[in-house]
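K.L.:
Structure provided below as structure tokens; questions to follow.
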Amino acid sequence: MRRFPLPLLVPAVVGLAFLVLPLLGLLVNAPWGTLPERLVEPGILDALRLSLECATLATVVSLVLGVPIAWLLARVEFPGRRLVRALVTVPLVLPPVVGGVALLLVFGRFGLVGKYLDQAFGFTVPFTTTGVVVAEAFVAMPFLIIAVEGALRGADARYEEAAATLGAGRLVTFTHVTLPLVAPGIAAGAVLCWARALGEFGATITFAGNYPGITQTMPLAVYQTLEGGDLDGAIVLSLLLLVVSVGILATLRDRWITSP
């Protein structure tokens, strides 16, 4: 390997320390002596279960809705495509709390869509577990769309052309040729989407609230514990979320993204 240039080595080390030291701070200050007792305290496992379930469901929703959007943006020329792409990426830069307010204005009991759901089915989305999934999907789906669109643009279109030449329809070509070609990109986007959904806070607390066992995910539980003055409890929750996130992300990356 080539020798690493010194002008790049110094900022690289500083940047790595900037990212790693906060995590090291959690490990150093964790109350290891009382950790087993704190992990079984009421509410912790419920918050962890809810976080994993909602993040997974939000990722599934993002896959079902986001992959077709990515395909349209990458393969179809239509008026206003740049505007659509910009709108799709808005949640990336929109403050999560603003996203939560926007969701309330759409899915609330008097919102653009929510009032019809309430009148026709008596169904409300805000301040429910469904609301958590909706909020997480809203902020996380752009990560999936960007990753999949990039994979589609980088895929060799000659394989799809060959399939069409052999008589394959668009749906068969998409499911049997396109999807396998961009599978690593879809996996990478799904991992990023899941990680973003797992750590979502602002839109969730604004749109779904913070009700233990119903809408209280791990980030919300950390916030509530810290606000209650229990620093050790907040560290334990943060450490648990960190271990779960790193473990699952590392496993998915090794098995899906870097697979040959």
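K.L.:
Could you run the Karplus curve 6.51 cos²θ - 1.76 cosθ + 1.60 with θ = phi - 60° over the range 235-243 and give me ³J(HN,Hα) per residue in whole Hz, x for Gly and Pro?
P.N.:
5, 4, 4, 5, 5, 4, 5, 5, 4
K.L.:
What percent does the relative contact order of the chain come to when contacts are Cα pairs within less than 8 Å and at least six residues apart?
P.N.:
29
K.L.:
Quick check on the chain: helices-only [θ] at 222 nm, where DSSP H runs of length 4 and up contribute -39,500 (n - 2.57) each and the sum goes over total residues. Nearest 500, please.
P.N.:
Using -39500 (n - 2.57) per qualifying helix, the result is -23000 deg cm²/dmol.
K.L.:
Once you wrap a convex hull around the alpha carbon atoms of the range 1-41, what is its projected area averaged over all directions, in nm²?
P.N.:
One quarter of the hull surface, i.e. the mean projection, equals 4.7 nm².
K.L.:
Something else now. What is the magnitude of the charge dipole of the chain about its Cα centre, with +1 placed on the Cβ of each Lys and Arg, -1 on the Cβ of each Asp and Glu, and no other charges, expressed in debye to the nearest 20?
P.N.:
900
K.L.:
Still on this model: Going toward the positive end of the dipole of the chain, with +1 on Lys and Arg Cβ and -1 on Asp and Glu Cβ, which of GLN216, LEU152, PRO22 do you reach last?
P.N.:
Farthest towards the positive end: LEU152.
K.L.:
Only Cα pairs under 8 Å and at least 6 apart count here; give the relative contact order of the range 192-244 as a rounded whole percent. Before the final figure, lay out each step's value.
P.N.:
Numbers: 29 pairs, mean separation 13.1, N = 53.
With pairs under 8 Å counted, the relative contact order is 25 percent.
K.L.:
Quick one: 3J(HN,Hα) in Hz for the range 87-102, Karplus 6.51/-1.76/1.60 with θ = phi - 60°, rounded, Gly and Pro as x.
P.N.:
Computed from phi, the couplings for the range 87-102 are 5, 5, 8, 4, x, 5, 10, 6, x, x, 5, 5, x, x, 5, 4 Hz.
K.L.:
OK, next. Which distance in Å, rounded to a whole number, links the C-alpha centroids of the range 70-108 and the range 145-168?
P.N.:
Spelled out, the Cα-based centre of one part sits 24 Å from the other.
K.L.:
Rounded to whole Hz and in sequence order, give me ³J(HN,Hα) for the range 149-156 from the Karplus expression 6.51 cos²θ - 1.76 cosθ + 1.60, θ = phi - 60°, writing x for Gly and Pro.
P.N.:
Residue by residue, the range 149-156 yields 4, x, 5, 5, 5, x, 6, 6 Hz.
Since every read-out is calculated from the coordinates, none of them should be taken as a lab result. None of the values given here were measured: they were computed from a predicted structure. Cβ coordinates were reconstructed from backbone atoms using ideal geometry, including for glycine residues, and neighbour counts include every protein chain displayed.
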